[in-house]
Every structure is written in structure tokens, then in C-alpha cells.
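Bear in mind these aren't lab numbers, they're just calculated from the coordinates by the rules spelled out. Predicted, not measured: the structure shown is a model, and the values here were computed from it. Here the Cβ positions follow ideal geometry from the backbone for every residue, glycine too, while neighbour counts run over all protein chains shown.
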Amino acid sequence: MPLVAHNHLPSFAKLQQEGLRVLSPQLAGEQDIRELHIGLLNMMPDAALEATERQFLRLIGESNPIAQFYVHPFTLDALPRNATAREHINKHYESFEEVKEQGLDALIITGANVIGADLSKEVFWEPLIEVADWAHQQVTSTLCSCLATHAVLDFRYGKKREKRDSKKWGVFRHQVIDSSHPLVSDVNSEFDVPHSRWNRVSPEQFLDAGLKILVTGDDENVHLATSPDGFRTIFFQGHPEYDTVSLLKEYKRDVNLYIEGEMDSYSPMPENYFSELSAAVMREYHGRVDLSRKTDTPLTAFPEHLVLPKLKNTWRDSATAVVGAWIGLIYQITSVDRHQPFMRGVDVDNPLGL
């Protein structure tokens with residue numbers, strides 16, 4: 001079933017233009033179908049704020065045919081915002097107090113653009129703990145993306161993330177290692193996932209915390225895991241929500257930061273993402289950047305128009321399947337009362353009966 005445009009969030013109109021079905025509240029009211037209310041705690045920086053909205057809205061809207069989805073975006077006041085982002089938030093986002101008052105069936109917590117390993121020094125640390133702890137008691141299931149996974153592993157399980165020697169970014173092959181779990185039982189045994197991060201939580205840290213690892217990468221990197229009960233918290237280390245162009249935009253951003261002197265070294269290309277021809281185009285542009293710096297001559301624009309048509313998305317179907325399974329399971333066990341996480345009879349310590 002589609003998303004319901006219950007407010008004037010511009011992302012609804014843009015997704016509708018893409019062909020995603022979005023219902024008006026009036027039409028949704030004519031359907032005798034149960035609704036699900038999903039919170040979206042968006043911690044991404046200003047430049048990625050609306051793109052992140054659309055990525056997760058798209059995943060939710062395409063994921064499952066059994067419910068109407070009311071998505072409630074909110075953010076943390078502690079995060080610094082420019083005037084444009086603040087205006088967007090004031091117009092279209094709810095406050096955490098409003099979200100708590102209304103209740104949720106599920107919650108998604110996005111990542112954030114933070115490089116330092118010690119998250120406890122970030123301005124969002126205490127407010128994020130407050131949201132996550134509230135959700136752990138009041139919401140059926142919380143899905144954590146990348147940095148949110150690292151934060152919850154830190155403050156709830158005492159497992160601090162580790163700084164990597166180099167940035168892990170690109171598109172990587174992963175394997176399902178526990179196909180008995182309903183989140184992945186109907187997913188291909190191998191599939192791709194994008195990553196973009198400087199830090200990691202190791203498999204040993206996940207296991208020491210008593211978490212259930214469901215999907216790992218070729219390098220044993222953990223992508224998908226759950227809390228010990230199997231469902232209350234879902235952990236992603238990768239970014240299955242990414243658009244086809246997301247890694248290209250990040251690469252362009254980093255290249256421009258180098259050109260402007262804000263990065264000391266030229267960014268490596270994301271792995272397993274560009275075709276051979278596109279990679280050659282990017283290497284040629286790197287050479288032009290170096291020549292421009294040496295000769296102090298004008299530089300041509302970043303050649304994204306040459307590589308955009310050749311980008312492939314090899315992760316969307318598996319991402320939609322996993323999120324669809326997550327939402328389907330929520331639908332089966334959540335209470336009709338948004339202030340109660342489970343329907344009567346569900347075992348809180350083992351909600352899926354695994």
C-alpha cells in the first residue's frame with residue numbers, strides 16, 4: 001500500500017513524480033485498511049536532509065502491500081542547521097514531544113556525517129540516547145542506519161566503534177548467514193549493499209553484545225544484525241537506502257573539497273561502483289585537477305554527465321525485500337494502540353517466537 005501524504009512535505013510530491021503511489025488523506029480515509037505510523041529521525045546534514053527523506057520514504061512506500069504508511073519525520077534540536085534546513089524542518093517536521101504524544105509503530109534512525117570515532121563527544125549524543133531509549137520501551141521495532149547502529153552499540157551495549165585505516169565505501173557483496181530469520185528468509189543468499197564510513201563495529205563486538213548477526217560481507221564486515229530478542233532493534237552498518245547516484249554525489253563532494261583546499265588528498269573512487277569506462281573518465285579528471293593546480297589554469301566541471309547513464313543499482317531489490325519483511329513483521333505483532341508496542345499475547349523477550 002502507498003505512502004499517505006498527511007502533510008505538505010515536498011518529498012511526497014517528488015516521489016509521486018517518480019511514479020511512486022502516494023495517497024491523499026481523503027482517499028486514504030476511504031480505504032478500510034490498517035495504517036502504520038513510522039517515525040523517521042533524520043540526523044543527516046543539511047545538504048542531504050531531503051534526499052535522505054526520499055530514500056527512506058521510497059523504501060517504505062515500495063516495501064509492503066498490507067498497510068497505509070504515515071511517516072513522521074523529526075530531528076534533534078541539538079544538531080546545527082542553516083536557515084534553509086531550519087525552515088524546512090519548521091514547516092514539515094514534527095517535534096519529538098509530538099511524536100511521543102502520538103506514539104509510533106516503528107522508528108527509523110538515520111546516520112549522520114560524523115568522522116570522529118568517539119560519538120559521546122557529539123552534540124546529538126544525549127538527545128539521541130533519549131529517543132532510542134524511549135523507542136526501546138514504546139515502539140515495536142527500531143531500525144538503525146550506520147552511525148545510529150554505532151551509537152546504540154556504544155551506549156546500550158558498551159561496544160565502541162573502531163577507526164578504520166581507510167574509508168570503506170563503494171558497493172560490496174554480502175551473504176546471508178542465518179536464513180532462518182524472517183527478516184532475510186526470502187532474500188537472495190547473496191546481495192550487494194553500499195557502504196560509506198570511516199569507522200566500524202567488528203563482528204566480535206556484535207557477538208560479545210549478544211546480538212544476532214544475519215548478514216556479513218566478503219570481509220566479514222557485519223551489515224545486518226538484530227538485538228538479542230531478534231526484533232526490537234535492527235542494525236544496518238551499510239546504506240541499503242542509497243539512491244543509484246548517492247555514491248557519485250559523495251565522490252563529487254569530496255573531490256570538490258580537495259579542489260577547494262579543504263581536504264589534503266584526492267579522494268579514492270568508491271569500490272565496485274563505476275564501470276571501467278567511468279573509472280577511466282574519473283582518473284582523467286583527477287589528472288586535470290592536478291594539472292590545474294600545478295599550472296593555475298581553469299578547471300572543467302566535474303564530468304558526472306558522462307558517468308550518470310552508466311551507473312547500476314544492484315542493491316535496491318534486496319533492500320526493499322528486507323524493509324518489507326521488517327514492516328510485515330511489525331504489522332503482525334504491533335498493537336492497534338500506538339502507545340503500546342505489542343498486541344496482547346506477544347512475548348516481549350521473544351516477539352517473533354524464534
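Observations, loosely collected:
- Restraint check, K121/K163; K249/K312; K91/K249; K163/K212; K121/K252, Cα-Cα greater than 19 Å: K91/K249; K163/K212; K121/K252
- Amide proton proximity set for R232, modelled H, under 5 Å, gap of 5+: S227
- Within the listed set L119, L224, L306, the residue fluctuating most in the Gaussian network model of the chain (springs between alpha-carbon atoms under 10 angstrom) is L306.
- Measuring r between the beta carbons of W125 and S335 and using R0 = 35 Å, the FRET efficiency lands at 0.70.
- Amide H contacts of G39: H72, D105, A106, L107, I108, each under 5 Å away and 5 or more positions distant or on a separate chain (H built 1.01 Å from N in the peptide plane; Pro and chain starts excluded).
- Sequence-separation-based contact order of segment 200-354, relative, with Cα cut under 8 Å and 6+ spacing, percent: 17 percent
- A straight chain from K312 to S179 at 0.36 nm per residue would run longer than the Cα-Cα distance by 45.2 nm.
- Within the chain, percent of DSSP bridges classed antiparallel, to nearest 5: 45 percent
- Taking a sphere under 13 Å around the Cβ of K312 and counting the other residues whose Cβ falls inside, with K and R at +1 and D and E at -1, yields a net charge of -2.
- For the chain, calculated [θ]222 nm from helices alone, where every DSSP H run of n ≥ 4 adds -39500 (n - 2.57): -11000 deg cm²/dmol
- Note on V245 and E18: the extension gain reaches 80.2 nm, defined as 0.36 nm multiplied by sequence separation minus the Cα-Cα distance.
- The candidate values are [x] 63, 57, 40; [y] 72, 47, 38; [z] 71, 48, 34; the one derived from this structure for Cα extents along the principal axes in Å carries the label [y].
- The phi-based Karplus calculation (6.51 cos²θ - 1.76 cosθ + 1.60; θ = phi - 60°) puts the 3J(HN,Hα) values of segment 349-354 at 7, 8, x, 9, x, 6 Hz, whole numbers, x for Gly and Pro.
- Each label point was placed 7 Å from the Cα along the Cα-to-Cβ direction; for E101 and D219 their separation is 4.7 nm.
- Contour minus Cα-Cα distance for E87 and L277 (0.36 nm per residue): 64.3 nm
- Cβ charges +1 (Lys, Arg) and -1 (Asp, Glu), total dipole of the chain, debye: 560 debye
- Degrees between helix 316-333 axis and first principal axis of the chain (Cα, 0 to 90, nearest 10): 20 degrees
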